[in-house]
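Just so you know, all these numbers are worked out from the coordinates, no wet-lab data involved. None of the values given here were measured: they were computed from a predicted structure. Using ideal geometry, Cβ is built from the backbone for each residue, glycine included, and neighbour counts are taken over all protein chains shown.
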There are 4 protein chains.
Amino acid sequence: MRRLSKNGQRGRKTRTSQDGGADLNHEISCVLQGQCRTGRKGKGWKTCESPQAYHPQSSSEAIAILVLANHILANEHFLDGFGHVSIRDPEQPGNFFLSRSLAPELVTADDILRLTLEGDVVGEDTRRPYLEKFIHAEVYRARPDVQAVIHGHPLSVIAMSAINVPVVPVFHMAGALGSGVPVFDAYDPENGTLTRTSEEGRRLADCLGQHTALLMRNHGAVIAAGNMAEAVMTALALRDNCTIQMQCLSAGVAPSALSPALARAAAALNFSQNPLFRAWNYWISRLPQPQ
Amino acid sequence: MRRLSKNGQRGRKTRTSQDGGADLNHEISCVLQGQCRTGRKGKGWKTCESPQAYHPQSSSEAIAILVLANHILANEHFLDGFGHVSIRDPEQPGNFFLSRSLAPELVTADDILRLTLEGDVVGEDTRRPYLEKFIHAEVYRARPDVQAVIHGHPLSVIAMSAINVPVVPVFHMAGALGSGVPVFDAYDPENGTLTRTSEEGRRLADCLGQHTALLMRNHGAVIAAGNMAEAVMTALALRDNCTIQMQCLSAGVAPSALSPALARAAAALNFSQNPLFRAWNYWISRLPQPQ
Amino acid sequence: MRRLSKNGQRGRKTRTSQDGGADLNHEISCVLQGQCRTGRKGKGWKTCESPQAYHPQSSSEAIAILVLANHILANEHFLDGFGHVSIRDPEQPGNFFLSRSLAPELVTADDILRLTLEGDVVGEDTRRPYLEKFIHAEVYRARPDVQAVIHGHPLSVIAMSAINVPVVPVFHMAGALGSGVPVFDAYDPENGTLTRTSEEGRRLADCLGQHTALLMRNHGAVIAAGNMAEAVMTALALRDNCTIQMQCLSAGVAPSALSPALARAAAALNFSQNPLFRAWNYWISRLPQPQ
Amino acid sequence: MRRLSKNGQRGRKTRTSQDGGADLNHEISCVLQGQCRTGRKGKGWKTCESPQAYHPQSSSEAIAILVLANHILANEHFLDGFGHVSIRDPEQPGNFFLSRSLAPELVTADDILRLTLEGDVVGEDTRRPYLEKFIHAEVYRARPDVQAVIHGHPLSVIAMSAINVPVVPVFHMAGALGSGVPVFDAYDPENGTLTRTSEEGRRLADCLGQHTALLMRNHGAVIAAGNMAEAVMTALALRDNCTIQMQCLSAGVAPSALSPALARAAAALNFSQNPLFRAWNYWISRLPQPQ
């Protein structure tokens, strides 16, 4: 991986910026150094207590957050060589950012593409995005409230998707699952559970509705949230919730779940500023140091 | 994380000391260097064979032990970005120490707050403690014998809390669970399973009674013990006990448990000086070295 | 492990080359440096975006790929101290390469032996190959389409082999299992489930038929694929598929599986160039750096 | 941990040697450097292809092997802060070596005590051995063929010990379990499942009989073997066998097991020189480097 230079300068401009002059890596440094303390691990990554930590005000801040999210989701074992995460462009809400087809833990700012809600790459960039870009495009189109989308394949999530039992929130971190977790399986047979068309993406977004998470039968999960920290927190909670629920089912017991009131209250607390900052900075502090 | 300087000196005084002059990091060094040998890993952390290793005689020793316990519980995967551990002040038993709201593996002596049994931060410190501080405050109030309290969320513990099966001690390390492990679920619905009031804290302490551990339904566990080494040992044993018990239930068998006599004898042996020292120094030797 | 020198030169010739002059480590360097970018981890290992990455054109390229595959399969926990991987020689399809009897994560190019389809080591090399070399020899003999064979013992695979339930593809990465996964148990009693004769190897190859994977009852698995990247991808997918399927069975539910059409489409997509390259380079990027 | 000096010399004599002059650390170096190649990891630990690797000819070689076994069993997660391993003295078969009470991964040659079959420490050494030394003493007394004994507490082993289902060999590495794995539970109630008397040790040795492994109900396992490599291999196989067997039981199926003939053949093959060397050197190559 190319290392970010110390002063954030690079020889060439990034291809993802439309405005012609921004050095995005410089922006990443700035965003992440404002009001920061250095994490215990991860000399190259910075924690941040500014409101911009996961609420981008600009395209370049969004890209910085997206690069971090790729590394966090790989490091926390939600993504491996496959799976992907995207962020809506706060400057042009009809666009979103997504890496070129690459294992998430290898993603740098240079790998980020700008896409439209049709799933087209903007500009002359010829690098390939992920085949499943339509998941992201159609969720952003259907849900103006969504700023971040994650798609991954933890084993416990796939297991839950393969048995005919609804996900229920079995612990407080999963409050956001309290409204229900639909299961999508209206696949185009020729695409092998991959969402490779706008039409299939639209069916998936319809299935998601106003929920935060959706299972894809025999495949994985999609998380759609109001900011990247909520999305990551929900992704990890969904995975752990499926682990716990599967364990309870194995013990022969349908587990108790949070009541709707408890789930709503838990979600509101989890998504308030203090827990999100604590979690976001914790994840960053655990990142391996870039070499 | 700020690194402890070699001679234990720092420029500014810590905010947690009430007596106006103690350099707590100096005390940490002293406590931990007395009669010590260096662990294999963890150059920055010291093992200690003095009785002060987990029996603090002073506020500053208590803080040193609390910082270590934060790192041990994170490193042994009992705590992650959430959960917390506290210690009673041996000099002022109506106070206890708890970190500001921060992921445990990032906690340093500078992050430690002093709280009263009402859950108020002492002095002019405006940093936020954990929302669930009332768990600690009310357990210390109800149980003068308790010197250390841990609250965490291992998945196996949550799974056991969600099925209607009592925890029984299935192995010798869990002797302290022999008197029973009550399950708390008298939550205020508006707080989403978090204990955010003295009243809920009091209900939880009532539910704990004279036991060493309690499950919080769909949430986690609370451990309350006579010193920090007993608390950590019981936390890890509770987690492993839940793992084993869930596995046996999955195999379709209610496992054999320690008889009350065996459990009492096991607890007495586990909590004798030699095993506690062995375990405490082992946990320290495994800590990653501060950078 | 001896480290590859920077310029790929070594004092002595390798014993695996038949043509008398090639320095195979030089070739490894060349293969792996052509059109490469350095992975984040693994300074000593190179990712490669050339078609030669896992499609060897020469004996020496095949050996380079085989060394990488040994390290990848150990690092991804498919192999441990036992198990093995081989590759057919593209220059002499009646030969294949296999390490001398050695834990896979310790294998270097110097450890690679050349074997015939009778399982004999070619040349004067007296070092011992793995006892189970006949698995490889007989699969290559029966299946001209197979270029790479893996044999390993993940616990979930052994568990599935020990219960009377067929493996079905429960997620998209396991599309190649859609044609079925036969279970071999026609062991010679005197060899303790090890395949130590051509005859037993032939029975095993018969049992495999045209499938991509086979379970060995109470022992492990064999994967046979058209190139090394497909073989590694299928090995990891088989292991994870068994984990998921066992979890579903534990929950008391026979899981839904990919339909034959979905499985075929998933296999075709997984084995197309882009996913294979992404996965291959991801695995390489995760390798620990040689010391 | 004190580091072995480069030339194996140390200022003071070890307390474990009875002959007054041997520098055991020097011997460790010699044993481990004869006919060695350096492992990939673990610069400080040496692999060894001499027959002395796990067949000690002298007391000092036995101690060298015992130190290695402590680190291997910790590194492979069979032992943690508790559990222990011993070796019979080939020079004085009525004595055996065991560490003072210490977490296995911290053990050095200086920590090794010499004990009699009565469980008494030989000489003036006042350091405390493990309380459960009587397990080792009585197994060595009852079984002249046994040269190495391991006692540990993997969770899967405890789970199997707590359900009323016999261990059967479900994979080829567990061939040595084919004669049966008795379950001991004739505990003295006052010792909380710890074997703290010769009498209880004798009952345990009676229960073990001529088998290689025994479960202690609600506690752990004892492995007794003809050399240290066989003991370690059987310990790891027992743990994995219990994991697999529990998984099969959870799936609702009593798994198929190796037939007696297959188990005998598998044990004979596993315990032949080539697999033992491969495994022993693999375990050493994985040890973290002493600091």
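What is the mean number of Cβ atoms from other protein chains located within 10 Å of the Cβ atom of each residue in peptide A:216-225, rounded to a whole number?
For this peptide, the per-residue mean of nearby foreign Cβ atoms is 3.
Would you grab the residues whose amide H sits under 5 Å from the one on C:TYR130? Only those 5+ places off in sequence or on another chain, please, with H modelled 1.01 Å from N.
C:SER101
What residues have an amide H closer than 5 Å to that of C:ASN95, excluding those fewer than 5 places away on the same chain, when H is modeled at 1.01 Å from N in the peptide plane?
Close amide H contacts, sequence-distant or interchain: C:ASP89.
Enumerate the calculated ³J(HN,Hα) couplings along the range D:138-143 in order (Karplus 6.51 cos²θ - 1.76 cosθ + 1.60, θ = phi - 60°), each rounded to whole Hz, writing x wherever the residue is Gly or Pro.
6, 5, 4, 5, 6, 10
Would you please put B:134-144, C:58-68 in order of how densely packed they are, using the mean number of other Cβ atoms within 10 angstrom per residue and starting with the highest?
Put in order of decreasing packing, that is C:58-68, B:134-144.
Residues of B:182-192, mean number of Cβ from any other protein chain within 10 Å of their own Cβ, rounded to a whole number?
Partner Cβ neighbours, averaged per residue: 4.
Using bins 5 angstrom wide from zero, how does P(r) for the range C:131-258 break down, in % of all Cα pairs?
P(r) for the range C:131-258, in whole percents per bin: 2, 12, 22, 25, 19, 11, 6, 2, 0.
What's the local net charge at B:GLY192, with K and R +1, D and E -1, over the other residues with C-beta under 14 Å away?
Computed value for this residue: -2.
Under the Karplus relation 6.51 cos²θ - 1.76 cosθ + 1.60, θ = phi - 60°, what is the ordered set of whole-Hz ³J(HN,Hα) values for the range A:265-275, x standing for Gly and Pro?
Those phi angles translate into 5, 5, 4, 4, 5, 4, 8, 7, 4, 5, x Hz.
Across the residues of C:162-172, average count of Cβ atoms on other protein chains within 10 Å?
Per-residue shielding by partner chains comes out at 6.
The range D:239-291 to the range C:40-112: how many Å between their Cα centroids?
Each part reduced to its Cα centre gives a spacing of 25 Å.
What FRET efficiency comes out for A:ASP185 versus D:ARG128 if R0 is 51 angstrom and r is the Cβ-Cβ distance? Round to the nearest 0.05.
0.25
Need one number: nm distance between label points at A:ARG100 and A:ALA268, each 7 Å from Cα along Cα→Cβ, rounded to one decimal.
In this crude spin-label approximation the distance works out to 4.6 nm.
Taking the Cβ-Cβ separation of A:SER198 and B:HIS77 as r and a Förster radius of 60 Å, what is the calculated FRET efficiency to the nearest 0.05?
Efficiency, rounded to the nearest 0.05: 0.90.
Given R₀ = 25 Å, what would the calculated FRET efficiency be for D:GLU118 paired with D:ASP145, taking r from the Cβ atoms and rounding to 0.05?
Once rounded, the FRET efficiency stands at 0.80.
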